[in-house]
Every structure is written in structure tokens, then in C-alpha cells.
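The values are calculated or read from the model by the stated rules, or taken from the named source; none is laboratory data. A quick note: this is a predicted structure, and the numbers were derived from the prediction, not measured. Glycine also receives a Cβ, built like all others from the backbone with ideal geometry; neighbour counts cover every protein chain displayed.
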Amino acid sequence: MSAAAKIPAQSPMKAAIKASTKAAIKAATKPPTKAVTKSPAKPPAKAVTKSPIKANSRQAELLNALPPVRGKLKANKSLADMTWFRTGGAADILFVPADRDDLQYFLNHTPSDIPITMLGAGSNTLVRDNGVAGITIKLGKAFADMRRIDNDIIHVGAAALDMTVARWAAKTGLSGLEFYSGIPGAIGGALRMNAGAYGRETADCFIRAWAFDKYGKQYELTKQDMGFTYRTCAADDELIFISAEYQTVPADKAKIIAHMNEIAAAREATQPIRSRTGGSTFRNPQSGSRGGSQSGSRGGSQSEAQKTEKPIKKAWALIDEAGCRGLRKGDAQMSEQHCNFIINHGTASASDIETLGEDVRARVKSNSGVFLEWEIKRIGEASQ
Ligand SMILES: Cc1cc2nc3c(=O)[nH]c(=O)nc-3n(C[C@H](O)[C@H](O)[C@H](O)COP(=O)(O)OP(=O)(O)OC[C@H]3O[C@@H](n4cnc5c(N)ncnc54)[C@H](O)[C@@H]3O)c2cc1C
């Protein structure tokens, strides 16, 4: 990386970026084990120069530090329509890579102190009102391929929607992914969140994944590297998943489709699936969530005291008992139908949604002693 490509020393953006990058590195758990390729040394064919559109001076400065790409680079791009909540601020820079080489080249040539945020289908994400600093990457069509690579193994791109993968597997006569049929995210988000429903989760059928780190180095990750636990994985926070392989079981198409229909009917009856929402707002508490710890459900190991604790109620039951079903802040409301879902009735800001969530956490803590932990990822900066 040439020194000229970096952001000038006096830039306030640089300090913010550095602090955020340091925090991200601190938060990372462990590097993946197996590097599989080197980053490309040459620019991709047909590289084009980006054009700063509607950028403020901070964003124009950022844009100038970035390499030429074949994909789309947009400054000050609103992310509201890219999330299920349909609210929130803009990305300083949004990058939609043309393909893997474009992404790898971009990562390889982008100053490493610029923060990078991944956005999938935005079904588990709340973008705060003042937007996301640095670069937000969203994978597009080039990353949505689906292939059967063996009798019972499929390879899918990280931008393929879970629902599309489930339907395609069913049509192909492969079972095991029916639970994806009602999850509105994409594969990258499913890997990061260990998405699951109706008794199965991503870890159950995962074989391996491929990812880039922020320098564009590619890794192959095994199940052990991924360290899946309840609605999370332990792979380094900075990894960008690009594709994965799943184990399926050849089966009768009609039976697979019937199973998917059952799941759809159960979901329709219990969840506000046509609303602007982020799905379950809070994780179901695990042992250790009562009392002082706020992180009891993340770690894999339990203390002896935790092992002997009674199982804690599900998040929705704790919210209900605390009197929060239907609780409202502006146009944000805890769903009457499934009270662990927050609904944006139309004009809720990200701040309304987050404030409502924090209010619910406080009421549940006061009522039951349990600290609820956010399952929804909140990204960006809040309004003052
Ligand atoms: C109506 C509704 C119902 C839902 N039901 C369920 C359910 O039954 N089960 C369930 O598990 N979840 C459910 N969810 C939550 C959500 O759909 C899942 O968490 C989903 O896996 C998120 O995927 P996404 O692509 O939307 O991720 P996003 O919301 O875009 O991102 C989520 C996280 O994944 C990271 N990420 C996304 N793509 C990548 C990538 N390529 N590389 C690295 N990191 C990446 C993001 O940085 C972020 O940290 C529901 C949500 C809604 C709105």
C-alpha cells in the first residue's frame, strides 16, 4: 500500500477509522487456519475509475484513497432500503464488487485502516441514523451461484438468499435445507449468525466456507474453524464469506416441498413475516444471563454454577412477563403477534427502534433479573 493512498494525517475521519479498526481487531477471536490463495498482484481486467457522486468532503477523501474497481462504488448511499427495517442512515461508501477478483483486488489495495462493514440481505441488521463510516460491502449476483458438486453436496455463493437455496435444493431433490425456506437472509449472514429454525441450524449441514480477510487473502474454513454456537460463529469478525459447501440428503421432491410448506404455515401463524422487522430482537438467554454477566450466551463453556442453574425462559416469554408486548416508541413497536420482534410501522427511526429495545431490556432486567442480549446487529453511528 503506498503512503500516498492513505488518508491525510490531520483528517478527523482517520482518527475515527483508526479507533474503530483497533476495536475490531481486539474483538476478533482467532485467525482462520488455512490460507488457500495469494492476493492478485495485478489490477483486474477492465478496471474503471470511480466517480464521486453526491459525496461530502470526508467521503470524497475516502473515495480518493480507494483503488479502481469494475463493480459499483457509491458515496453517501442510503442503506435503509437494503435492510428489512427500512430505516437508518447512509454508508460513507458502498461497494458492490463485480466478482471475486474485483473484491479481492479491492481488499488487497484498500488502506487497511479504513473500516469495512459487511451487509447481507439486511434482515438481521439495524443501521443507525447517522450512517456507517468507511466502506460497506454488499455482495451481488456474481456471488449468488448455486451448484450441485456431488451427489449430496452443494456449493452456494454468499449472496444467494437462504430461501432461494432451499427452494432450489428441493427442486433438485436434496433435503436438509428446508429450514432455510423461511429465513429471509443470504448465505453470508446465515454463516455469520448460524441461522436456524424449527430444530435445525446452519452448523448441522455446513461442510466448509471460503472467505477473504480484509487484505484480500483467501481462506478455507472448516466447521471447527467456524466455531458455531447459538446464533453466532467464532470465525474472525473481519472475514468476508464468499461461498460455502453444504451437506444434503437426496430425497423425494414432493416430501421436501411438503416439509417446506409446513414450515411456511407455522411461520405465518406465529411471526409478523410481512412487516418491517429484524426478526428476533434478542437472543434466547442461555445459562449465565442472570445477574451481572451480559455475555453468558456467547461462550461455549459453562461454569459449574451455570450448569446447575435452571434453564432460563425464552426471550419472548421474559418480554411478555415484563409487560412489553405491544410496547411502542413512535412508530416502533414490540409486535403483538411475536413480542420478541420489533416492527417499524412506517416512520420509525433507527433511534426509535434501538431506544425501544433498550427500554425492553431494562424492564426485563428489572422484572426477571435477566439481561437480554441483542441478536440484531446494530451498525453505524447514532444521531446526536
Ligand atoms: C421476518 C424475519 C424472520 C426471521 N427468522 C429467522 C429465523 O427463523 N432464524 C434465524 O436464524 N434468523 C431469522 N431472522 C434473522 C435473519 O434473517 C438471519 O439472522 C439471517 O441469517 C441474516 O442474514 P442477512 O443476509 O440478512 O444478514 P445481515 O442482516 O445483512 O447481516 C447479519 C450479520 O452477518 C454479517 N454478514 C452478512 N453477510 C456477510 C458475509 N458475506 N461475510 C461476512 N459477514 C457477513 C453482517 O456483517 C452482520 O454482522 C429473521 C429475520 C426476519 C426479518
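A few points about this structure:
- Wholly enclosed strands (runs of 3 or more DSSP E) of the stretch 209-302 bearing at least 3 residues out of contact with any Pro (no Cβ under 6 Å at 6 or more places or on another chain), modelled with pLDDT of 95 or more and within 15 Å of the ligand (Cβ to nearest atom): 240-247, 276-280
- Residues within the stretch 116-170 that are assigned to a loop (DSSP other than H, G, I, E, B) and either within 8 Å of the ligand (Cβ to nearest atom) or in contact with a Cys (Cβ under 9 Å, 6 or more places away or on another chain) (or both), tallied: 8
- Sole exception among (1) of a type in the set (S, T, N, Q); (2) within 26 Å of Ala209 (Cβ to Cβ); (3) at pLDDT 95 or above; (4) assigned to a loop (DSSP other than H, G, I, E, B) for Ser39, by number: (3)
- Here Ala90 fulfils each of the conditions (1) over 17 Å from Ala211 (Cβ atoms); (2) surrounded by 21 or more Cβ atoms within 10 Å (Cβ to Cβ); (3) within 12 Å of the ligand (Cβ to nearest atom) apart from (3).
- Residue count for the stretch 171-208, restricted to those that are within 7 Å of the ligand (Cβ to nearest atom), touching a Gly at 6+ places or on another chain (Cβ under 9 Å) and not aliphatic (A, V, I, L, M): 5.
- Selection within the stretch 206-228 - farther than 14 Å from Phe241 by Cα and buried (at least 20 other Cβ atoms within 10 Å of the Cβ): Phe228
- Here the condition is being buried (at least 23 other Cβ atoms within 10 Å of the Cβ), under 30 Å from Arg70 (Cβ atoms) and β-branched (Val, Ile, Thr); of Ile183, Ile187, Ile149, it holds for Ile187 alone.
- Filtered residue count, the stretch 153-174, keeping only those that are surrounded by 20 or more Cβ atoms within 10 Å (Cβ to Cβ) and either more than 16 Å from the chain's Cα centre (by Cα) or hydroxyl-bearing (Ser, Thr, Tyr) (or both): 7
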